[in-house]
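The structure under discussion appears below in the form of structure tokens.
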Amino acid sequence: MDSIHSLIQYFTELPGVGPRQAKRFVYFLLSRNGRYLDEMCRLIQELKNTIRTCGECFRFFPNDVRGELVCSICKNKNRDSASLMVVCRDVDFETIEKNHIYNGKYFILGGTVPVLEKTPEKKIRLNELLATVEKRAVSNGLKEIIFAMSVNPEGENTLDFLKQSLTPLAQKYSLTMSALGRGLSTGTELEYSDSDTIKNALKNRVSN
């Protein structure tokens, strides 16, 4: 397989990218000059050196300070520790955070639970979430867990699995569990929702 088709194959592994779009990406890159490609390669190679995973919420954040293990949001004492919003991916976190409509803490699951998945606990950071909820309930005054899932089959399945998994802890520590309410239409990806939609969904969240 030549380099063109090998790169097309790599691009098809990206979320939402099909063979036709992957091919367009490759031919676009071929039309760029050497400096453009060199800079792109440099940035890709630097990802692992300049970005790290937060030790508390598990989101990716710039490693500006040597040895820093926790992101700026988890360190921020002005954030509301009584609420923990659980989102599937970093892009969902960014969508909510950029609209300045939520001032609590986050937890990034790292994925979703596909429908009919036989080992759902292997698809997301379930053990880490359980540990985080218990730790925050004991020492940080956690009162509410907010599930911010996309309104599609995988999002709904993930929500159901999380509620079932967290119910024992919620009962033990008298925690409220809620999910985004009216505002998100069926089939909606959280990543592509606008500010007003997310604001209404958060305001009208439903307790479970």
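Throughout, read-outs are computed from the coordinates displayed, never taken from laboratory work. These numbers come from a predicted model, not from an experiment. A quick note on method: Cβ atoms are made from the backbone with ideal geometry, for glycine too, and the neighbour counts reach across all protein chains shown.
Grab the DSSP H runs of the chain that are 4 residues or longer, score each as -39,500 (n - 2.57), total them, divide by all residues and round the 222 nm result to the nearest 500 deg cm²/dmol.
-14000 deg cm²/dmol
Could you put Tyr27, Tyr106 in order, starting from the residue whose Cβ has the fewest other Cβ atoms within 10 Å?
With the fewest neighbours first, Tyr27, Tyr106 line up as Tyr27, Tyr106.
List His100, His5 from most exposed to least, where exposure is judged by having the fewest other Cβ atoms within 10 Å.
Ordered by Cβ neighbours within 10 Å, fewest first: His100, His5.
Which listed residue (Val113, Ile198, Ser81) has the Cα farthest towards the positive end of the charge dipole for the chain, taking +1 on Lys and Arg C-beta and -1 on Asp and Glu C-beta about the Cα centre?
Toward the positive end, the furthest listed residue is Ser81.
For Phe11, what is the net charge nearby, where nearby means another residue's Cβ is under 11 Å from its Cβ and Lys, Arg count +1, Asp, Glu -1?
+2
Amide H of Gly104 versus every other amide H placed in the peptide plane: which residues, excluding those fewer than 5 positions away on the same chain, fall under 5 Å?
Distant-sequence amide H within range of Gly104: Asp80.
Which of the residue pairs Lys143/Lys163; Lys48/Lys199; Lys75/Lys135; Lys23/Lys123 have a Cα-Cα distance greater than 24 Å in the structure shown?
In this structure, Lys48/Lys199; Lys23/Lys123 lie more than 24 Å apart at Cα.
Which of Thr197, Thr12 has the fewest other C-beta atoms within 10 Å, and how do the rest follow up to the most?
The fewest-first ordering by Cβ neighbours comes to Thr12, Thr197.
Rounded to whole Å, give me the distance from the Cα center of region 150-171 to that of region 87-119.
A separation of 12 Å, based on Cα centres.
Report the residue, chosen from Val133, Val26, Val70, that carries the largest GNM mean-square fluctuation when the chain is represented by alpha-carbon nodes joined by springs under 10 Å.
Looking only at Val133, Val26, Val70, the biggest GNM fluctuation is shown by Val26.
Express in nm, to one decimal, how much length is gained between Leu130 and Asn33 on full extension, taking 0.36 nm for each residue of separation and deducting their alpha carbon distance.
Computed gain between Leu130 and Asn33 is 30.0 nm.
Restricting the count to DSSP beta bridges whose residues both fall in the chain, what percent are antiparallel, rounded to a multiple of 5?
Details: 6 of 20 bridges.
The antiparallel proportion sits near 30 percent.
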